[in-house]
Protein chains: 2
Amino acid sequence: MKDFMIIKDPKVARLFADQCRRDILHNLRKREMTVYQLARLLEKNVSSICHHLNVLEKAGLVEQTRTLIKGNLVEKFYRATAKKFIISYTLSEGLIPDSEDIAKWSKEVCKSAVRNLSAFGYDIPVEKEKRLFELIEKYSSLKQMAFEEIISRQKKPVKVTGPSLKILLSLLESIRLYENEEFRRIMNEICEQLKGLKVT
Amino acid sequence: MKDFMIIKDPKVARLFADQCRRDILHNLRKREMTVYQLARLLEKNVSSICHHLNVLEKAGLVEQTRTLIKGNLVEKFYRATAKKFIISYTLSEGLIPDSEDIAKWSKEVCKSAVRNLSAFGYDIPVEKEKRLFELIEKYSSLKQMAFEEIISRQKKPVKVTGPSLKILLSLLESIRLYENEEFRRIMNEICEQLKGLKVT
């Protein structure tokens, strides 16, 4: 199992739009499981899980690990092919043909982030929403790009557990962004825009 | 279910050291489940899951949601009390009595992050390891502090899905760190220390 897989094919990226497929992948990252185990856990019928697994296998996101013969029954075990799947920024920015819907979804994600600033005490006036949305979109895109560059230059498998890897990746991303002049400019403007909007 | 819970009691934080308890909490964040469902999924015996659930319930990390009567059997459903549990930086820095072991674990996490910089192409000479470890520890601590401050000032429940919330929290954290002079100083030194250590 690889540490990371960057998804650059819009057809493959689209598979992640489905909650059930995301749930399957999520579980198969942690352990190998059979169709029956997945069906029981996710409370879906076996034929639906079977279908999803076939689709995910063809896309290279899951693979068969072993089979277990139980009487007349052959049970196949599956697992994910990577610990983490990352949708490439080239798709979420619509830079690749046929990725317009993914770019649109990615815009919605940023819009919804701006709208929820209020949950953390920022009172955003309507006239500022548009610019803030543009800035956060840019912020998110530079962050994604930095992350993708880091993992695409991975030299060997990481030998660390969750929390260490998280800090390591966050640090490498911070360094990259910190050294990026465009990122500094965007952060300055975001800070400027949010100044005085915090309700205490 | 709350969005976040910050753990400030070392006794409660210590519960997260156990893999099986982490697995239980992970699953109960997504759906309510019975002892039997958890035992089957995690391949543990029922009495062990029962014991863990009692401990987690007493610590306020899980709660009973409903009971289902099946013939003679009463099945209780459980779920986590928050979507995300955060170990407070006051523990991971050993600022609170009886949190020395948690602080020690947290140091190990940072050490292991430094050691794995090589997986991403940085060749760290032995004489630089100590200073880099100190800097990454400080980096991680400022990051944790910023995150905790943000979520402890949450005004109302967030109404967003995973990716939006992730961007929103990352942005708020970036703003806080970006405006923090100590953080800038640390980032400058980390960049300085790593300069020229990248193998291409």
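A few notes on this one:
- Any hit, the range B:84-94, residues being modelled with pLDDT under 90 and part of a loop (DSSP other than H, G, I, E, B): yes
- Any hit, the range B:23-40, residues being open to solvent by 30 Å² or more (accessible area, probe 1.4 Å) and of a type in the set (A, V, I, L, M): no
- Count of residues meeting criterion [at the interface with another protein chain (Cβ under 7 Å from one of its Cβ atoms), within 15 Å of B:Ile6 (Cβ to Cβ) and free of Cβ contacts under 8 Å to residues at least 60 places away in the same chain] in the range B:144-161: 2
- Scanning the range A:17-33 for residues that are among the charged types (D, E, K, R) and within 25 Å of A:Lys104 (Cα to Cα) gives A:Asp18, A:Arg21, A:Arg22, A:Asp23.
- Residue count, the range A:65-83 (criterion: β-branched (Val, Ile, Thr), assigned to a strand (DSSP E or B) and open to solvent by less than 60 Å² (accessible area, probe 1.4 Å)): 1
- Number of the condition not met by B:Phe120 [criteria: (1) more than 11 Å from every other protein chain (Cβ to nearest Cβ); (2) modelled with pLDDT under 95]: (1)
- So A:Glu108, is it under 20 Å from the mean Cα position of the chain (by Cα), under 24 Å from A:Gln193 (Cα atoms) and open to solvent by 20 Å² or more (accessible area, probe 1.4 Å): yes
- Taken over the range A:160-182, residues that are surrounded by fewer than 13 Cβ atoms within 10 Å (Cβ to Cβ) and touching a Ser or Thr at 6+ places or on another chain (Cβ under 8 Å) amount to 1.
- Residues considered: A:Leu168, A:Leu194. Of these, the only one that is more than 30 Å from B:Lys156 (Cβ to Cβ), facing chain B (nearest Cβ under 9 Å) and aliphatic (A, V, I, L, M) is A:Leu168.
- The number of residues in the range A:147-159 that are of a type in the set (Asp, Glu) and surrounded by 15 or more Cβ atoms within 10 Å (Cβ to Cβ) comes to 1.
- Residues of the range B:1-50 that are out of contact with any Lys or Arg (no Cβ under 8 Å at 6 or more places or on another chain) and not in a helix (DSSP H, G or I): B:Ile6, B:Ile7, B:Lys8, B:Asp9, B:Asp18, B:Lys30, B:Glu43, B:Lys44, B:Asn45.
- One residue stands out among those in the range B:127-164 that are hydrophobic (A, V, I, L, M, F, W, C) and at pLDDT below 90: the one that is farthest from B:Arg14 (Cα to Cα), which is B:Val160.
The values are calculated or read from the model by the stated rules, or taken from the named source; none is laboratory data. The model shown is predicted, which means the values in this text are computed figures rather than measured ones. In this analysis, Cβ positions are derived from the backbone assuming ideal geometry, glycine residues included, and neighbour counts consider all displayed protein chains. Ligands, DNA and RNA are stripped out before the accessible areas are found, and what is left, the full protein with its side chains, is counted by its heavy atoms. Shrake-Rupley method; radii C 1.70, N 1.55, O 1.52, S 1.80 Å.
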